[in-house]
Amino acid sequence: MKESVLKTTPSAESQVVFDLSVILNYQIQLVVQTWYSTKPLLWFSQNDDGIVAEGRFLEAPGLPLFTLEDEMGRRVSDGIPEDILAVTRLMPAMDFELAQACAASEAARELAESSPLLFILLVNHACSQPLSIDEFGQLLALKRTAILERAGLPASKSLVRLVNRMELSPLLPWELEDVTRSLAQPEFLQLLRHHQNLHLNHLRFLLRQGQPLWPGMLNLVDKHSSALDITWLCRMIRDTLNMAAGNMHRLNRVSSRQELQEAHDQLVERFNSMGSEAKRKAHAAALAQEHGVYPEPPLPAIDGIEPLESWLELLDEGSFMHHCVGSYDRFVALGEVFIYRMMEPERLTISVERRNNTWVIGEVRGIRNANPSHAALDFVRRWVER
């Protein structure tokens, strides 16, 4: 049988006191009720004159749950069941509020265990109001479709099932809004419903990509995919479609990263195999006709790094390096990307991208998209930052 959520045996161990005077340079103590108290995780601050402030329900004291440890080594997290701690780790920025919400009732804890994402969305909604513990209990008594609606999502049974089976990894604070936005998009849901092993990374991927493109798209991502993996996938999809002139049929049979790489590489070879120099010059002339004069470089050259200066040099760079940079003409023309080449200490192609009126590193690639050495990448970073 699951242990009771609300502890009712008062004792000397029912609160932990933290002296913050040294940190804040004035006398103040933070007192937090432990899991074993009658009001788990409620808190107040005090000085010699009495209570200074009292925390409301779902209001954190300003310090993460796992950092609250007194001089004797006692922690506020001591005694909190591991299944609840596991939920708090899914949203570190809200760990205190999530633990306090779990302490509110058995219904809260059951929702946290059976549908962590729905629970996090609900607690986030309750914090934004803010709600009392009784009002929070009234929300928990609603059907899950109604809870979805309170969290800003469609009151759909199929969406409840989707949210229930979505596995999570730790969420950053700003991702909750992104999650809500993605789960409200019908085209995303249509693709997500048919994927067996749903993970938060699938939402991250769709949001980064901007749209679902083909049925097997979600197979490229799993629970182990990192932010760098997702960035790489989005770039590969962008470049593949760019070289294919937007022809989606090139991706219809892609269901793995290896197949995406192969489709990309085939198009690279096809794009760069223009034959004679005369054909490349003719292509460059067509790009000049389409886009106008090649843009001026946004960053100055230095020894070893120089800008490409013409549409022909852009095509030649892709052909020489055996990658797809020659197809970046539209991005260069729009002022979103600019291409440089590193001649030493190693031969690389460097793209810089304009973000928030600042030029930052986009990609740094060697021949056939080889990764640069750490020394060369550090050299490029220092050049861009300078």
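Among the conditions (1) farther than 22 Å from PHE379 by Cβ; (2) surrounded by 19 or more Cβ atoms within 10 Å (Cβ to Cβ); (3) without any contact (Cβ under 8 Å) to a residue 40 or more places away in the chain, LEU287 misses just one, which is (3).
Return the total of residues in the range 317-330 being charged (D, E, K, R) and either in contact with a Leu (Cβ under 7 Å, 6 or more places away or on another chain) or crowded, with 19+ Cβ neighbours inside 10 Å (or both).
2
Just one of (1) buried (at least 21 other Cβ atoms within 10 Å of the Cβ); (2) farther than 15 Å from GLN15 by Cβ fails for SER37. It is (2).
Taken as a whole, the condition of being modelled with pLDDT under 95, aromatic (Phe, Trp, Tyr) and in contact with a Ser or Thr (Cβ under 9 Å, 6 or more places away or on another chain) applies to PHE96. Figure legend. Inter-residue proximity from the range 101-125: first residues in contact (Cβ under 8 Å) with a residue 60 or more places away in the chain, second residues in a loop (DSSP other than H, G, I, E, B) and crowded, with 23+ Cβ neighbours inside 10 Å, beta-carbon distance below 7 Å, spacing 6+ or different chains. Indicated pairs: ALA103/LEU41; VAL123/LEU58. Might you check whether a residue that is under 19 Å from LEU172 (Cα atoms) and at pLDDT 95 or above occurs anywhere in the range 103-115? Yes.
Taking helices (runs of 4 or more DSSP H) as the structural unit, those lying wholly within the range 189-292 and holding at least 2 residues that are within 29 Å of MET166 (Cβ to Cβ) correspond to 200-209, 227-243, 257-272. Of the helices (runs of 4 or more DSSP H) entirely within the range 88-182, those holding at least 3 residues that are farther than 23 Å from HIS195 by Cα occupy 95-102, 106-114, 116-128, 133-140, 144-150.
Looking at LEU251, is it hydrophobic (A, V, I, L, M, F, W, C) and crowded, with 19+ Cβ neighbours inside 10 Å? In short, yes.
The values are calculated or read from the model by the stated rules, or taken from the named source; none is laboratory data. Just so it is clear, the model here is predicted, and its values are computed rather than measured. With ideal geometry, Cβ positions are generated from the backbone for all residues, glycine too; neighbour counts draw on all protein chains shown.
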